[in-house]
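Participant: Encoded as structure tokens, here's the structure I'll be asking about.
The values are calculated or read from the model by the stated rules, or taken from the named source; none is laboratory data. What you see is a predicted model; the values in this text were computed from it and never measured. We place every Cβ from the backbone using ideal geometry, glycine too, and count neighbours over all the protein chains shown. Ligands, DNA and RNA are excluded from the accessible area calculation, which covers all protein heavy atoms including side chains. Shrake-Rupley method; radii C 1.70, N 1.55, O 1.52, S 1.80 Å.
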Amino acid sequence: MASTDSNSKFYSAFSLVAAIGAASIAKKALNTTWRATTGKNPPANPADPDVSLAEAVMWATVSGTLIGVARMLATRRAAHYYAKSTGHLPPQLQKDDQDAAKAPAPQS
């Protein structure tokens, strides 16, 4: 039991570090791209009334999507690495019931 708990904590820490790293890299790339595209810095606070609504919505949409996708890809990669190293999925991912063959039939 201690080994499973230890592996669970290792995976949690490993995936957290991967997600934070990916989000940091994505944010840096996004800031650089925003400056190159718009010619100005990204909004520090999109809720500021001095930032146009269109710019605030665009920044929130693009940054939220790209950072979210980068975090998801990093945590998936961490799970793949963990599974390759240990021979099984992390405990948090073993019972996600995502098998299509086990899904209930759709109700009409």
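Participant: Please work out which residue is modelled with the lowest pLDDT, limiting yourself to segment 1-18 and to residues that are surrounded by fewer than 14 Cβ atoms within 10 Å (Cβ to Cβ) and farther than 15 Å from Arg77 by Cα.
Facilitator: Met1
Participant: Within segment 70-108, can you find the residues that are at pLDDT 85 or above, more than 17 Å from Ser8 (Cβ to Cβ) and open to solvent by less than 70 Å² (accessible area, probe 1.4 Å)?
Facilitator: Ala70, Ala74
Participant: Does Ala22 fit the bill of being in contact with a helix residue (DSSP H, G or I) (Cβ under 7 Å, 6 or more places away or on another chain), modelled with pLDDT of 90 or more, within 25 Å of Thr86 (Cβ to Cβ) and open to solvent by less than 80 Å² (accessible area, probe 1.4 Å)?
Facilitator: Numbers: in contact with a helix residue (DSSP H, G or I) (Cβ under 7 Å, 6 or more places away or on another chain): yes; modelled with pLDDT of 90 or more: yes; within 25 Å of Thr86 (Cβ to Cβ): yes; open to solvent by less than 80 Å² (accessible area, probe 1.4 Å): yes.
So Ala22 fits the description; yes.
Participant: List the residue pairs whose Cβ atoms are under 8 Å apart, where the first residue sits in segment 73-91 and is among the charged types (D, E, K, R), the second is assigned to a helix (DSSP H, G or I), and the two are 6 or more positions apart or on different chains.
Facilitator: Within 8 Å, the pairs are Arg77/Ala18.
Participant: When Asn31 is evaluated against the numbered criteria (1) part of a helix (DSSP H, G or I); (2) open to solvent by 70 Å² or more (accessible area, probe 1.4 Å); (3) over 19 Å from Leu93 (Cα atoms), which criterion, by number, is the only one it fails?
Facilitator: It fails just one condition, (2).
Participant: If I go through segment 49-64 residue by residue, how many of them are over 21 Å from the mean Cα position of the chain (by Cα) and under 22 Å from Lys28 (Cβ atoms)?
Facilitator: First, pick out the residues of segment 49-64 that are over 21 Å from the mean Cα position of the chain (by Cα): 49-56.
Filter once more, keeping what is under 22 Å from Lys28 (Cβ atoms): 51, 55-56.
Total meeting the criteria: 3.
Participant: In segment 38-55, which residue that is part of a loop (DSSP other than H, G, I, E, B) and small (Gly, Ala, Ser) is most open to solvent (accessible area, probe 1.4 Å)?
Facilitator: Start the filter on segment 38-55 by keeping residues that are part of a loop (DSSP other than H, G, I, E, B), which leaves 39-52.
Filter once more, so that each one left must be small (Gly, Ala, Ser): 39, 44, 47, 52.
Values: Gly39: 68, Ala44: 109, Ala47: 84, Ser52: 59 Å².
Here the residue is Ala44.
Participant: Kindly evaluate Leu16 against the criterion of being touching a Ser or Thr at 6+ places or on another chain (Cβ under 7 Å) and without any contact (Cβ under 8 Å) to a residue 40 or more places away in the chain.
Facilitator: Details: touching a Ser or Thr at 6+ places or on another chain (Cβ under 7 Å): no; without any contact (Cβ under 8 Å) to a residue 40 or more places away in the chain: yes.
Answer is no for this residue.
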